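Encoded as structure tokens, the structure appears first; notes follow it.
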Amino acid sequence: MKFSTFILSLLLFVTFISCSSNIDNEITTLLDTRKSAFEEKNPDKYKDLIISTYSVQTRSGSKDKDDVLKDFRLNTTPFDSIGMSHKDRKVITENDSAKVEQKTSVFLTIDDQKTKYEITEILILEKENGEWKIAKESSLDLFRGFVFGKQN
């Protein structure tokens with residue numbers, strides 16, 4: 001009786017660990033793809049990461065997926081190069097949603113001018129058709145970061 005309880009507990013533990021690891025890998029893949037979309041200034045890659053029902057209230061009204069893509073293009077187009085790195089990432093998952101908090105360093109170049117700035121980002125992810133998608137994210141205004149960021 002005790003041995004079978006031990007085996008059952010062990011199986012449940014292994015299942016929990018493997019599912020958790022799979023979720024972490026899927027979310028990491030999404031975040032890595034988001035990073036490369038910014039670095040490549042690739043709106044098509046970015047578009048694939050956004051949930052189809054994206055809707056966020058802002059001071060000036062609501063933003064949908066088209067608005068987010070427009071902001072992405074406006075944000076990335078002026079720069080010759082964009083680099084990003086992340087640290088202190090925390091991921092909290094609950095069923096088919098997740099909250100990601102991370103510190104993001106952004107490295108920007110226009111002509112010979114370079115800047116670096118940091119922002120704490122919060123992203124809300126949700127499952128759509130079995131895939132993690134961005135349902136909400138912190139505003140990442142690269143141009144404001146360039147103008148007001150720390151010069152290197």
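Residues that are without any contact (Cβ under 8 Å) to a residue 40 or more places away in the chain and in a loop (DSSP other than H, G, I, E, B) were ranked within the range 41-52; the one that is farthest from residue 79 (Cα to Cα) is 48. For the range 53-69, filtered to residues that are assigned to a loop (DSSP other than H, G, I, E, B) and surrounded by 10 or more Cβ atoms within 10 Å (Cβ to Cβ), the residue that is farthest from the chain's Cα centre (by Cα) is 53. All of 118, 101 fail the test of being under 22 Å from residue 29 (Cβ atoms) and in a strand (DSSP E or B), apart from 101.
When 3, 38 are checked against the criterion of being exposed (fewer than 10 other Cβ atoms within 10 Å of the Cβ) and either at pLDDT 90 or above or in a helix (DSSP H, G or I) (or both), a single residue qualifies: 3.
The values are calculated or read from the model by the stated rules, or taken from the named source; none is laboratory data. Since this is a predicted model, take the numbers as computed values, not measurements. Virtual Cβ from ideal backbone geometry, glycine too; neighbours counted across all protein chains shown.
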